[in-house]
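Some notes on the structure that comes next.
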Amino acid sequence: MTTTMTHTRTATAAEAATPLLELRHVSRTYRLKRPLPIGPHRIVSALDDVSLRLGDGETLGVIGESGCGKSTLGRIVSGLEAPSSGQVLFSGEDVTRLGKAERKEMRRNIQLIFQDPSASLDPRKTVGRIVGEPFEIHRGLVSPERRRAKVGELLELVGLNPDHADRLPHQFSGGQQQRIGIARGIALEPRLLVCDEAVSALDVSVRAQIVNLLADLQREFGMSYLFIAHDLQIVEHMSDRILTMYLGRVVETGPTREVYENTSHPYTGALLSAAPELRTGRGIEREHVVLSGDPPSPIDPPSGCRFRTRCWMATEICATTVPQPVTIAGRSSGSGRPDDAGSGESAQLGTASAGEDSGTASAGEDSGSASARDASSTASAGTTAAQPAGTHTAACHFAAEVPAALSLTTTAHPTTTPEETR
Ligand code: ADP
Ligand code: MG
């Protein structure tokens, strides 16, 4: 890949000890209008007590059904919204306490890639202007005379023709438009990219190309990703670690391979079992667990474990006790991407040949990136202490009580069959 970007950075020892991003007990509520002129406001609990850590160069994949708070999390991390309570630390600094100038610098370091590329690009502006816009907001980084050349470099970096800088967004395909969005996102050389369903709106044939582009850019520039997507295979491909969310809360977190192959939480198991391509293979045979109904309303979430109303293993205690997230031990999130993932061998997601996109993102065999993930070292997210590699911290009480039932393999099906099993 051709590049003249300058910012491949090496974390200092102090930074390595401090995660790039840390959320401590973050909650976010929204106050809705009263249904009647009198009476209480209704409060939506979109995020509740969310803690996480993300290291330099690392990717944290966020999964969970629609409405579980993924986008709210993305907005809070990218500074578009403040949490109602809790702390957001970037390089160890509480972002809510930053002054104006420091906050602007922080914003520069965290960029968001949106789901719908066409909606996120101003149709009246040329692509060159869109990509160069961050330099107008953050003046002094690139001189006005150099901007055009810099925009050309960025377009080339994301696999677009620099000569097309004067075209308008509608003259590009969906995949190319997302490349434009990515070029704008990386223009200021951020340290963290929040990708909120960044490939979900794209044709399947183009998706893998954009995913591979994001992976290439990360390898090259050492950015961290908060990667939100509902395609569980893509999340697996991209992520070092996984965070499963349910109704605003984190229910499980751990290294990708561990979470995917050794699922501890019944909800994560149900989610993964819904993806046919993840049901079998790699020595796993998952039973398809179909969850009954939709998640309850975040206006009046269930007491105790919020998943209990759909959990086939729920007992009385689930109504009264809020479980800690199940934390599967893995490598530390403070140390960045594992060495093997940075070896220059590019794990590429298989691309369909019919892609409309003639970008630089290359096709390749699906080498199953999870195999490149390191599951050694210490516990990384959540509130639990370090555990020996591979052990499960059964912080959720039913994980402690019925461990066999939690392994969604052919050898250990849930004792109580869920609603419907295929
Ligand atoms: P996801 O991205 O996982 O689909 P969201 O973060 O968009 O979930 O939403 C989480 C919950 O918060 C949903 O119930 C949603 O309706 C609610 N919500 C999000 N933003 C607002 C808002 N601005 N006002 C009221 N409710 C909101
Ligand atoms: Mg969303």
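Each reported figure results from applying straightforward, stated rules to the coordinates on display, with no laboratory input. None of the values given here were measured: they were computed from a predicted structure. Cβ atoms come from the backbone with ideal geometry, glycine included; neighbour counts cover every protein chain shown.
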Using per-residue counts of other Cβ atoms within 10 Å, averaged over each peptide, order 18-30, 55-67, 87-99, 244-256 from highest down.
244-256, 55-67, 18-30, 87-99
Among L54, L278, what is the fewest-to-most ranking by other Cβ atoms within 10 Å?
L278, L54
Please give the charge dipole size of the range 1-239, origin at the Cα centre, charges +1 on K and R Cβ atoms and -1 on D and E Cβ atoms. Round to the nearest 20 debye.
960 debye
The lysines whose Cα lies under 29 Å from the Cα of K33, excluding any fewer than 8 residues away in the same chain, are K70
Quick one: which of 188-195, 264-271 comes out on top by average Cβ neighbours within 10 Å, and what's the full order, highest first?
264-271, 188-195
Cross-link partners of K100 among lysines (Cα-Cα below 21 Å; sequence separation of 8 or more within a chain)
none
Arranged by the count of other C-beta atoms within 10 angstrom, fewest first, what order do I182, I38, I110 take?
I38, I110, I182
DSSP beta bridges in the range 1-239 [antiparallel fraction, %, rounded to 5]
55 percent
In which sequence would S84, S292, S224 go, from the one with the fewest C-beta neighbours within 10 Å to the one with the most?
S292, S84, S224
If amide H atoms are modeled at 1.01 Å from N in the peptide plane, then the residues at a separation of 5 or more from M245, or on another chain, having amide H under 5 Å from its own are I63, G64, V251
Residues whose built amide H sits under 5 Å from the amide H of E93, excluding neighbours closer than 5 in sequence, are none
Report, ordered by chain and residue number, the lysines lying within cross-link reach of K150, taken as a straight Cα distance under 25 Å and ignoring same-chain residues fewer than 8 apart.
K104, K125
